[in-house]
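Student: Can you read through this structure? Questions will come right after.
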Amino acid sequence: MLAILMGLLAWVVDAGISWYFFPGKTFLEILWQYDPLRTLYVRSSVVMLFFCFGLWAGYLMDRLESQKAADKQNIFLLKGIRDIQDCIFHAESPETMIRQVCGLMKESFHFERVSVVRVDSETLAPLFRYSTVGETEEGEKELRFLEDLLLKSNGNLTASRLTHEDGRPESRVLDGKTHAVLSPLFFKGVVHGVVLGTWKENFIYESTHLWEDQFYSACNQIGKSVAHIQEVRESEANAVMIQRLFDLSPMGVFITSLSGKAIYFNPAMHAMLTDASETEHDLYQKPVTEWYQDPQDREQLVTLLHKNEIVTDFEFTLTTSEGKLRTVILAGRLNREVNPEDPHIEGFILDITNRKSSEETNRKLHQELEKNQHYKAIAVLAGGIAHEFNNILQTMMGSAYLATLKLEPGQSEVTGYLENIQTSGKRAAKLCDQILSYAGKRTMMLKLEDADECVERILLMLQKELNQGITLQRSLQAGGVKAHLDFTSLSEVVNNLVLNSEESMGNRTDGQINISTSLRSREDLERDSFAFHRQLQEEEYWVLSVSDNGSGIAQEHLPRIFEPFYTTKFQGRGLGLSATVGIVEKFDASLGIRTEVGEGTEVLLCLPVAESVVVVSDEEEEDASLPQPGKQQALGKVWVVDDEPLIGQTVMLILKKQGYEVEIDQSSRNFLSRFNKQESEQTSCLLLDLTMPDISGLEVLKKVREFAPHLPVVIMSGYDDVDNREEYSKLQVAGYIHKPFRMNDLVDKMNSVLNARDG
């Protein structure tokens, strides 16, 4: 257009020149008429000059318009890039940022649509899918295309940015009319996703390099922002997790300065140092040195930190705000980076007070278990010795009795010697009873008794046996309280305790023994400083206290005072307290002792308070059901089964003198092979030893009862088989006789059993 205008202008100028050189004609005539007189040179030069000028001016105008359009596009693009950067800068989440940035990219780059797939940076699994066109078929195709591209790339998407040989980026053509450009979301070599922008063929950017570079730059910033937001989220999540871990940790977490200023405590540390009434502000105001019961512990900790930087398993005693003591273990380090002038001590504190208490309790229980096992081993040995010793005494006393029967009248001197043998045997039998009491094998009858009444009866007998220089004071304050006890055994316990008190006073003339009773709870008893031989189990106890003002017992002797044959006295066998222990265990009771040298001794007998009878002895049933001696005796055949030949021979001689026919057998197995139903019908009574090496008396009795259910059976034993007493009752045992027994007792027992059968 500009060239045409310039040509017309040249025509007008040519006409003007011609009018000037050729006067006489008007300008219009010259403009419209051709005059051959005008020179060809002037015309052609002027026309060509103006035509060229018109062409050049037209070219300049076209370039100016094109540059103006390109500048407008660039300004629009740069404004869009600025908006994109601003959106990325203020993004709070990757998903929100991608939605907003995709809209801005679509507008700024004149894309028809923008599709994005964000992936897990480690597994490349899709996390977020978005397209600016919504859920359309084209958008879904592009998203699937991007997911497939990510899956096939194995994390290497640099090849998706294709280039020519000259380095210029190349766009992809998805179909005949749609172009696309791809860019991965990279940051530090890690793929976070991929972006796809598409546009129609009829749109061309004036500055291809600028928009492609800006597109890839924007994608890089998106990748960086996604990675940054993800790192921030992970950091915040880790911080929350660590804070939650500290808040919920049962261990105390602390930060203090080396100078002793509190900086940070977690809730467990706060609870460890104080009660709920004291605020954290108050706690932070206190110097750390007040934590330590012993200030030297703090000094030692600081020394170790300066030396090693790290301390583990540092145990010390911590003092709470209420003055309570806690045993704790500290693990920490010295951090000089925060404040080199006053470094921080950072670490953990574990409260092991309960564990220490449990360890101490376990240690005591272990000691008690070892002591009980020790006593049990001694008890088994003592029971076996007493059993064998009773057998020996039985033979000795029986032989002395038989020798007495052989003497002629007038041999009184020999009779006296034999009676001395029997008397000594009785004393030895009493000693065996003490051993059996310690071993828990002594025959005992537990009945529901008024404990104070029993003690009153015992004290009436004791008062007469005390030395004249000793005063017995009583204070029985638990009248009406019932307990399961055996009067004879309780009497022995009280006698042993009083005898020990009496012996501890020596020859003093101002000796005093105080006996009192009371009703006390287990908690109350455990608060006192008594050493209990057996742990208290019940909630309420009837307590007998025996105290004196004697010499007391040294602490090094205290753990052994219940051992058999252990004594610190010049006289005595050392069986009193050990026998007492056996009786007390039968009562399901406990003994406690408190003593100090020169200050006397106090011993407690603690019996559980009871409501009903638990055991009724066989002897009590026998006394209630058997007729008294003196009825018409029914003589017959008696079988004696005992593994001790001397006992069997002695019993046989005694019974034969009374008119019985006697069969003896030393082997229980041999006896069972000889004794049958026919033999049982001809037998009046069976004397059966409990403890035999091949088959026990209980097993023998069971087999006999299979064919002789009503045969009278008398049990002989050096100790009572307490564990099987109920079973003996079911097997209908007619009587029980304790070794060593007097021959008169044996004869009376046989007469009673046979009279009961005949009656």
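Student: For residues that are under 18 Å from Val641 (Cβ atoms), of a type outside the set (Ser, Thr, Tyr) and at pLDDT 75 or above, tally how many sit in segment 710-726.
Tutor: Looking only at that region, the number is 6.
Student: Sticking with this one: Ala610 versus (1) touching a Cys at 6+ places or on another chain (Cβ under 9 Å); (2) at pLDDT below 85: which is the lone unmet condition?
Tutor: Ala610 satisfies every listed condition except (1).
Student: Do you know which of the residues in segment 483-499 that are of a type outside the set (A, V, I, L, M) and touching a strand residue (DSSP E or B) at 6+ places or on another chain (Cβ under 8 Å) is farthest from Thr580 (Cα to Cα)?
Tutor: The residue in question is His484.
Student: Could you list, in sequence order, all residues of segment 321-335 that are exposed (fewer than 13 other Cβ atoms within 10 Å of the Cβ) and either without any contact (Cβ under 8 Å) to a residue 24 or more places away in the chain or aromatic (Phe, Trp, Tyr) (or both)?
Tutor: Gly323, Lys324
Student: Turning to a different aspect of this structure: Identify, please: which residue in segment 258-285 is modelled with pLDDT of 85 or more and assigned to a loop (DSSP other than H, G, I, E, B) and is, among those, surrounded by the most Cβ atoms within 10 Å (Cβ to Cβ)?
Tutor: Asn266
Student: When you check Arg474 against the structure, is it touching a residue at least 24 places away in the same chain (Cβ under 8 Å), within 43 Å of the chain's Cα centre (by Cα) and farther than 21 Å from Glu596 by Cβ, yes or no?
Tutor: No, not satisfied.
Student: Which of the residues belonging to segment 632-657 are at pLDDT 85 or above, buried (at least 20 other Cβ atoms within 10 Å of the Cβ) and under 19 Å from Val700 (Cα atoms)?
Tutor: Scanning segment 632-657 gives Val638, Trp639, Val640, Val641, Asp642.
Student: Restrict the check to segment 308-327 and report whether at least one residue is under 30 Å from Leu536 (Cβ atoms) and small (Gly, Ala, Ser).
Tutor: Within segment 308-327, one or more residues are under 30 Å from Leu536 (Cβ atoms) and small (Gly, Ala, Ser).
Student: Let me ask something else. For segment 132-152, enumerate the residues that are in contact (Cβ under 8 Å) with a residue 12 or more places away in the chain and among the charged types (D, E, K, R).
Tutor: Residues satisfying the conditions are Glu138, Glu142, Glu147.
Student: Name the residues in segment 732-759 that are touching a residue at least 40 places away in the same chain (Cβ under 8 Å) and assigned to a loop (DSSP other than H, G, I, E, B), would you?
Tutor: Answer for segment 732-759, where residues must be touching a residue at least 40 places away in the same chain (Cβ under 8 Å) and assigned to a loop (DSSP other than H, G, I, E, B): Val733, Ala734, Lys739, Pro740, Phe741, Arg742, Gly759.
Student: Shifting gears a bit: Show the residue pairs meeting these rules: Cβ distance below 6 Å; 6+ apart or different chains; first residue within segment 254-265 and touching a residue at least 40 places away in the same chain (Cβ under 8 Å) and small (Gly, Ala, Ser); second residue surrounded by 18 or more Cβ atoms within 10 Å (Cβ to Cβ) and assigned to a loop (DSSP other than H, G, I, E, B).
Tutor: That search, which allows pairs on different chains as well, returns nothing.
Student: Another question about this same structure. So which residues in segment 514-557 are aliphatic (A, V, I, L, M), more than 15 Å from Ala589 (Cα to Cα) and either in contact with a Pro (Cβ under 9 Å, 6 or more places away or on another chain) or modelled with pLDDT of 90 or more (or both), if there are any at all?
Tutor: Listed by number, the residues that qualify are Ile515, Val546.
Student: Given the conditions (1) in contact with a Leu (Cβ under 6 Å, 6 or more places away or on another chain); (2) outside any helix (DSSP H, G or I); (3) within 17 Å of Thr198 (Cβ to Cβ), which single one is not true for Glu142?
Tutor: Single failed check for Glu142: (2).
Student: Could you check, for segment 480-497, whether at least one of its residues is closer than 20 Å to Val609 by Cα, assigned to a loop (DSSP other than H, G, I, E, B) and not aliphatic (A, V, I, L, M)?
Tutor: Taking every residue of segment 480-497 in turn, at least one turns out to be closer than 20 Å to Val609 by Cα, assigned to a loop (DSSP other than H, G, I, E, B) and not aliphatic (A, V, I, L, M).
Table: residues versus (1) surrounded by 12 or more Cβ atoms within 10 Å (Cβ to Cβ); (2) aromatic (Phe, Trp, Tyr); (3) at pLDDT 70 or above.
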position: His366; (1), (2), (3): no, no, yes
position: Lys371; (1), (2), (3): yes, no, no
position: Gln394; (1), (2), (3): yes, no, yes
position: Met397; (1), (2), (3): yes, no, yes
position: Ala400; (1), (2), (3): yes, no, yes
position: Gln411; (1), (2), (3): yes, no, no
position: Val414; (1), (2), (3): yes, no, yes
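Student: Give Phe76, Phe27 a once-over and let me know the one that is at pLDDT below 60 and more than 60 Å from the chain's Cα centre (by Cα).
Tutor: After ruling out the rest, the residue left standing is Phe27.
Student: Further question on the same structure: Taking Ser357 as the residue in question, decide whether it is modelled with pLDDT under 80 and assigned to a loop (DSSP other than H, G, I, E, B).
Tutor: Answer is no for this residue.
Student: Still on this structure, please answer the following. Hey, could you check segment 373-392 for residues that are under 30 Å from Gly648 (Cβ atoms) and among the aliphatic types (A, V, I, L, M) and say which is modelled with the highest pLDDT?
Tutor: Out of the qualifying residues, it is Ile392.
Student: What residue, among those in segment 286-300 that are under 20 Å from Ile263 (Cβ atoms) and either assigned to a loop (DSSP other than H, G, I, E, B) or of a type in the set (Ser, Thr, Tyr) (or both), is modelled with the lowest pLDDT?
Tutor: Lys286
Student: Of the conditions (1) surrounded by fewer than 16 Cβ atoms within 10 Å (Cβ to Cβ); (2) not in a helix (DSSP H, G or I), His110 clears all except one; give me its number.
Tutor: Tallying (1) surrounded by fewer than 16 Cβ atoms within 10 Å (Cβ to Cβ); (2) not in a helix (DSSP H, G or I), His110 fails exactly one: (1).
The values are calculated or read from the model by the stated rules, or taken from the named source; none is laboratory data. Quick caveat, the model's predicted, so the values are computed rather than measured. With ideal geometry, Cβ positions are generated from the backbone for all residues, glycine too; neighbour counts draw on all protein chains shown.
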